[in-house]
There are 2 protein chains.
Amino acid sequence: MSERFFTSRWVERPAGLLDSRDLPAGFRYAGIACGVKDPGSSVLDLGLVVSDVAGTISAARFCDSGVLAAPVVVTRERCELHTIRAVVANSGNANAATGDAGIAEAERVQQAVATALELHPREVAVASTGVIGVPLPGERIAAAIPALVGALETDPGGFAHAIRTTDTIDKHASFELDLSAGRIRLSAQCKGAGMISPRFATMLCFVQTDAALSAPAADLLLEATVRRSFDRVSVDGQLSTNDTVILMANGSSGVVVAAGSDDEKLFGDALDALLRQLAVRIVADGEGARRIGCVQVRGAGEDTVERVARSVANSPLVKTALFGGDPNWGRIAQAIGAALPGAAPLRFEIAIEGVTVARDGATATHDAAALAAAVAGAEVLYEIELPGHGAAAEIFFSDLSYEYVKINAEYTT
Amino acid sequence: MSERFFTSRWVERPAGLLDSRDLPAGFRYAGIACGVKDPGSSVLDLGLVVSDVAGTISAARFCDSGVLAAPVVVTRERCELHTIRAVVANSGNANAATGDAGIAEAERVQQAVATALELHPREVAVASTGVIGVPLPGERIAAAIPALVGALETDPGGFAHAIRTTDTIDKHASFELDLSAGRIRLSAQCKGAGMISPRFATMLCFVQTDAALSAPAADLLLEATVRRSFDRVSVDGQLSTNDTVILMANGSSGVVVAAGSDDEKLFGDALDALLRQLAVRIVADGEGARRIGCVQVRGAGEDTVERVARSVANSPLVKTALFGGDPNWGRIAQAIGAALPGAAPLRFEIAIEGVTVARDGATATHDAAALAAAVAGAEVLYEIELPGHGAAAEIFFSDLSYEYVKINAEYTT
């Protein structure tokens, strides 16, 4: 799995990684068709992941929209986020902008899963993805929970499939990792293709490991790795109402990742690579995407470099040029300027795939043929140097294609 | 002209407007082919507008990018902005991100026009629009100035044509206005279709009147009307490097618009309607646009309502839904939430073409068929109510279509 999974040159293959795909023990998964997307259809749209181990540790992160979906509100407010044992997730309906009724429906689903699994509702997280503003058929979902629990198995494939919306490629992976304290396993299932913004992203991601982590360690590791992955991608600059990432560590391997140890560093690097590769996959599967870009900005001021990186990554002009294989760096200059009003004259430098196209804020002589060839690849790197030193920001982004327009103009997503 | 010009229901027909198209006296215009866009071609790409009246009063506004084009820098720094007598403008090359050489080329063009017209360079504004980062052929333009001056005529049509880039519809108008002090005339030529952001827009607009205005009045009137027009449109949320608006009032009608008079109010209203209708035309001619939207946000806090309006107007998800004639208000909820992190739960209300689709932050029962019919028109109104009162913001925006992608992926603009 890992051989085929870590495919981006922007993700370092973690140390200690084994070329096996054994799954973390003590987790079970299910995905069934419940008719949320389309009543009567056999499309998988309801999923469940469960840790069978009491004392499982968890950590969670959510988006920060002013319009939060009901499942996010319910999970944040009614769950004990460090002791989540199960996550129930549906696709086809976001249960967002659905008011108090939406909260009640999310709670109904949470309660049904807790009852079926003999857990406390605070141990059951809920997640939804799909269309906004449509009432969730919570009664239908609750009625399907016994069948969902009956479908639990060790293979996460069905679960991973059930959380997809407009996704066209699989975004799940499992691998083993050798730590000095022993061998552990990681598995993750992720969805996301549109409404993806660098301020987090419209996505769900569930990560399981049989390593034993403390609650503070799980929280810190998830915080650090989400910031370098799902918080650094843009398909269309649109912040979702539903983003949810949940890490569960059930310790069933018997291997303890001690705080401050070298093993914690190794585990963190592996989690980092896993989430970054999933984030790059989201971008590569961005609605209608043909190419992906990575913009790296260096200069003075964390706020400045991040603002510029987001402006470039979200620019429809830069994105259409990326789609067209057009090395039109003037649009990058435009996006830099738009991010920094009042900063003129700005002595920026731009390199595309290592070819310096602008220096001191102006055209730099370069080999146009070499540049044209470089931007025709599947991954294009844009490096921007601003005045000063000390800060750096990086964002992965998709291009903007006919297909993006088609997907979003012709379907209600 | 005015009958066919004031076509949007969002622009009030100004009081005192006459259905004639007499031009302001004392202005001359020219547009010629100079080979900036394409050497040897007969496409008009160099334009000039001149006031023949000594003592002409002017006012100017520019965009606020951190990457300002050379003509903006030269006009801002070397012109006396209240006494501009001539504007020379080229299309096909933005002269932006061109460094010190670009400044020198802009000055060369400015000097050539000053010499040919026997003006001081500080009376000659320069403007450019087109591709960024390509050296301006200033020598070729300077050599063409005598021919340009020789082509001066009273009809602004050629000038209006010469400043176009991807524009597909005319954006110029002339009309007469009856003030109590007498009859005056207004004429304006405008270009803009892509790289249009609500923080001003990628556009040039030149306005001439034979009314007599004081310099402070011209400045105040331009400030107020630009803020309600070109500062309130979005095609793609992209801020240009070159935006320039210049108002010239030469007083040749003998009619003085006195400060604080009813005439000043009438004149201001007419200028406001003129610039708003031009701004709406820019949006309607937005690259690939089929429909235009207008989002009006009301609630507490100027900053809040403006942030929400910009977020909705710039959202590619809202724009593709507008293109598809899809009344998908969930995407509007998403854009509201994205603009106001931490504000959940937010009790917003959304109405589309008068149909209330969300109330108290959640789905409101509505007539889906009526709504579907309403969003199929050429102009779609989105009204958003946020908690509180006292502030309002409005932005005009275009949809996002296949054609936008085509224009920006397949051409270097």
| message | Criterion first (facing chain B (nearest Cβ under 7 Å) and open to solvent by 10 Å² or more (accessible area, probe 1.4 Å)) does A:Ala378 satisfy it? | response | no
| Just wondering, is there one or more residues in the range A:326-345 that are touching a Pro at 6+ places or on another chain (Cβ under 9 Å) and closer than 18 Å to A:Cys294 by Cα? | no
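Being more than 24 Å from A:Thr83 (Cα to Cα) and surrounded by fewer than 24 Cβ atoms within 10 Å (Cβ to Cβ): is that true of A:Asp262 here?
Spelling it out, A:Asp262 is indeed more than 24 Å from A:Thr83 (Cα to Cα) and surrounded by fewer than 24 Cβ atoms within 10 Å (Cβ to Cβ).
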| Which one is modelled with the highest pLDDT among residues in the range A:69-104 that are over 29 Å from A:Gly26 (Cα atoms) and not small (Gly, Ala, Ser)? | A:Ile103
| note | The lone condition A:Thr363 fails out of (1) facing chain B (nearest Cβ under 7 Å); (2) closer than 15 Å to A:Arg298 by Cα; (3) of a type in the set (Val, Ile, Thr) is (2)
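Yes or no, residue by residue, for (1) over 20 Å from A:Val283 (Cα atoms); (2) acidic (Asp, Glu):
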site	(1), (2)
A:Asn314	no, no
A:Leu317	no, no
A:Pro341	yes, no
A:Leu346	yes, no
A:Gly354	yes, no
A:Ala362	yes, no
A:Val375	no, no
A:Glu385	yes, yes
| said: Just the residues that are within 27 Å of the chain's Cα centre (by Cα) and assigned to a loop (DSSP other than H, G, I, E, B), please, taken from the range A:366-389. | reply: A:Val375, A:Ala376, A:Gly377, A:Ala378
| Test for B:Gly254: is it open to solvent by 10 Å² or more (accessible area, probe 1.4 Å), modelled with pLDDT of 90 or more and under 27 Å from B:Val124 (Cα atoms) | yes
| said: Anything in the range B:117-140 that is over 20 Å from B:Arg76 (Cβ atoms) and surrounded by 17 or more Cβ atoms within 10 Å (Cβ to Cβ)? List them, or say none. | reply: B:Leu117, B:Val131, B:Gly133, B:Val134, B:Pro137
| When A:Gly66 is evaluated against the numbered criteria (1) touching a residue at least 12 places away in the same chain (Cβ under 8 Å); (2) within 14 Å of chain B (Cβ to nearest Cβ); (3) not β-branched (Val, Ile, Thr), which criterion, by number, is the only one it fails? | (1)
| Taking the range B:51-80 only, how many residues are under 21 Å from the mean Cα position of the chain (by Cα), more than 20 Å from B:Thr129 (Cα to Cα) and open to solvent by 10 Å² or more (accessible area, probe 1.4 Å)? | 1
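Of the residues A:Ala25, A:Ala94, A:Ala86, which is touching a residue at least 60 places away in the same chain (Cβ under 8 Å) and open to solvent by less than 10 Å² (accessible area, probe 1.4 Å)? Steps first, answer last, please.
Numbers: A:Ala25 fails: open to solvent by less than 10 Å² (accessible area, probe 1.4 Å); A:Ala86 fails: touching a residue at least 60 places away in the same chain (Cβ under 8 Å).
Going through A:Ala25, A:Ala94, A:Ala86 in turn, the sole match is A:Ala94.
Would you be able to say whether some residue in the range A:96-115 is closer than 12 Å to A:Ile246 by Cβ and not small (Gly, Ala, Ser)?
We begin by selecting, within the range A:96-115, every residue closer than 12 Å to A:Ile246 by Cβ; these are none.
Within the range A:96-115, none of the residues are closer than 12 Å to A:Ile246 by Cβ and not small (Gly, Ala, Ser).
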| remark: Among residues of the range A:340-360 being hydrophobic (A, V, I, L, M, F, W, C) and within 7 Å of chain B (Cβ to nearest Cβ), the residue least open to solvent (accessible area, probe 1.4 Å) is A:Ala358
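The values are calculated or read from the model by the stated rules, or taken from the named source; none is laboratory data. Keep in mind that this is a model prediction, so the values were computed, not measured. Here the Cβ is made from the backbone with ideal geometry for all residues, glycine too, and neighbour counts use every protein chain on show. To get the accessible areas, we keep the full protein, side chains included, count just its heavy atoms, and leave off ligands, DNA and RNA. Shrake-Rupley method; radii C 1.70, N 1.55, O 1.52, S 1.80 Å.
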